[in-house]
Amino acid sequence: MLQALRAALIGLQENGCILRAGLIGLQENGCMLRALCAGLIGLQENGCIAPEAEAELQFDPVLATPGDLLLFGSFTPHRSDPNSSSNRRRALFLTFNALEEGEHRRDYYQNKKANMGKGRISLIEHFAGESADM
C-alpha cells in the first residue's frame, strides 16, 4: 500500500515513485487507487495503513492506458483492488530518493532478499493475490 515503509526501512524521509502502465488499468482489473489527504497517516507493523485510518480516506481510481506514467510521492496513500476481470494487469513501479539522502539501492535489495519469503512480491503485507511464476 505505501512505498513509504520501504523508505523507512533504509532511513529515507521521502522518495518519488513512477508507475508505468503496461496494460490498460480499469476498475475491473484493479487499477491503482489513490487518496488525497493532509498530514501523515500512521502505519501498522505490517507496513499497511490501519483499517480505521484507511476507512476515513476516499480512494479514487487512476485509469491508465499502456505507456502512461503516473508520478507520486511515497507518502501518497495508494492501493489497488483485486482483479475481478478475466484480463491481466501489469505495471512497473520505479522509486527514487533525493540525491542528498545518499545511494541506497544495494542496501535496499540486500534487505529485500534477506527478509522476503518465497511467493512474496513485497516487504509489506498488502498483497492478497497469487504470484506469477517467472
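Do any residues in the stretch 40-59 that are farther than 19 Å from E14 by Cβ have Cβ atoms under 7 Å from those of residues that are assigned to a strand (DSSP E or B), where the two are at least six apart or on different chains, and which pairs are they?
So the pair list comes out as L57/A35; Q58/A35; F59/L33; F59/R34; F59/A35; F59/R79.
Which of (1) of a type outside the set (D, E, K, R); (2) more than 12 Å from G22 (Cα to Cα); (3) surrounded by 11 or more Cβ atoms within 10 Å (Cβ to Cβ) does A64 not meet, given it meets every other one?
(2)
Give me a count of the residues in the stretch 76-110 that are farther than 14 Å from G16 by Cα, of a type in the set (S, T, N, Q) and part of a loop (DSSP other than H, G, I, E, B).
So the count comes out to 5.
Of the residues that make up the stretch 60-70, is at least one under 13 Å from the mean Cα position of the chain (by Cα) and farther than 21 Å from N15 by Cα?
No, the stretch 60-70 contains no residue that is under 13 Å from the mean Cα position of the chain (by Cα) and farther than 21 Å from N15 by Cα.
Which one is modelled with the highest pLDDT among residues in the stretch 86-116 that are hydroxyl-bearing (S, T, Y) and surrounded by 12 or more Cβ atoms within 10 Å (Cβ to Cβ)?
T95
Which of (1) modelled with pLDDT of 80 or more; (2) surrounded by fewer than 15 Cβ atoms within 10 Å (Cβ to Cβ); (3) outside any strand (DSSP E or B) is the odd one out, the single condition I121 does not satisfy?
(1)
The values are calculated or read from the model by the stated rules, or taken from the named source; none is laboratory data. Computed from a prediction, not measured in an experiment: that's the story for all the values here. In this analysis, Cβ positions are derived from the backbone assuming ideal geometry, glycine residues included, and neighbour counts consider all displayed protein chains.
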